[in-house]
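Presented below is the structure to which this report refers.
A short reminder: the numbers here are calculations on the coordinates, not readings from a lab. Since this is a predicted model, take the numbers as computed values, not measurements. Cβ: placed from backbone, ideal geometry, glycine included. Neighbour counts: every protein chain shown.
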Amino acid sequence: MTSELTAEVLVERDGRLCVQVPMNMDSAAAVLAAAEVHVRIADCVLDLTAVPAVDSAALSVVLSLLRVSRAAGHRLSVANAPAAFGSLAALYGVDELLSEHLLARAADAHA
């Protein structure tokens with residue numbers, strides 16, 4: 001992870017794991033390591049509300065966390081994924097795989 005990322009990578013807030021950094025190649029390993037501890041021990045919601053940007057590494061992180069959580073007998077849901085995350089999932093053909101784990105964004109739920 002680069003030195004520009006000085007904020008906490010992941011914080012637990014209101015029962016959710018809230019990612020606090022861009023999910024990209026620079027932060028992917030740190031986000032994965034921080035969240036993996038949680039998904040191994042319980043069902044979790046990974047909240048991406050504060051994520052300002054994503055690249056394909058975000059897909060890798062989420063898919064890895066899904067695998068770990070499933071292997072541990074738990075469920076992982078992803079909340080408030082940025083539109084770019086959905087676009088990347090469609091581009092790489094994993095949107096259907098992820099669809100059952102994505103929770104609607106708060107703004108979308110009221111539309």
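What to note about this one:
- Test: residue in segment 74-92 that is over 24 Å from GLU12 (Cβ atoms), part of a loop (DSSP other than H, G, I, E, B), out of contact with any Pro (no Cβ under 8 Å at 6 or more places or on another chain) and free of Cβ contacts under 8 Å to residues at least 60 places away in the same chain: yes
- With respect to being farther than 24 Å from GLY15 by Cβ, surrounded by fewer than 21 Cβ atoms within 10 Å (Cβ to Cβ), without any contact (Cβ under 8 Å) to a residue 24 or more places away in the chain and hydrophobic (A, V, I, L, M, F, W, C), ALA53 falls outside the description.
- Residue within segment 37-46 that is of a type in the set (Lys, Arg), free of Cβ contacts under 8 Å to residues at least 60 places away in the same chain and touching an Asp or Glu at 6+ places or on another chain (Cβ under 9 Å) present: no
- For segment 58-90, filtering for residues that are over 13 Å from the mean Cα position of the chain (by Cα) and on the phi > 0 side of the Ramachandran plot leaves 1.
- Criterion (touching a Phe, Trp or Tyr at 6+ places or on another chain (Cβ under 9 Å) and of a type in the set (A, V, I, L, M, F, W, C)) met by exactly one of ALA53, ALA58: ALA58
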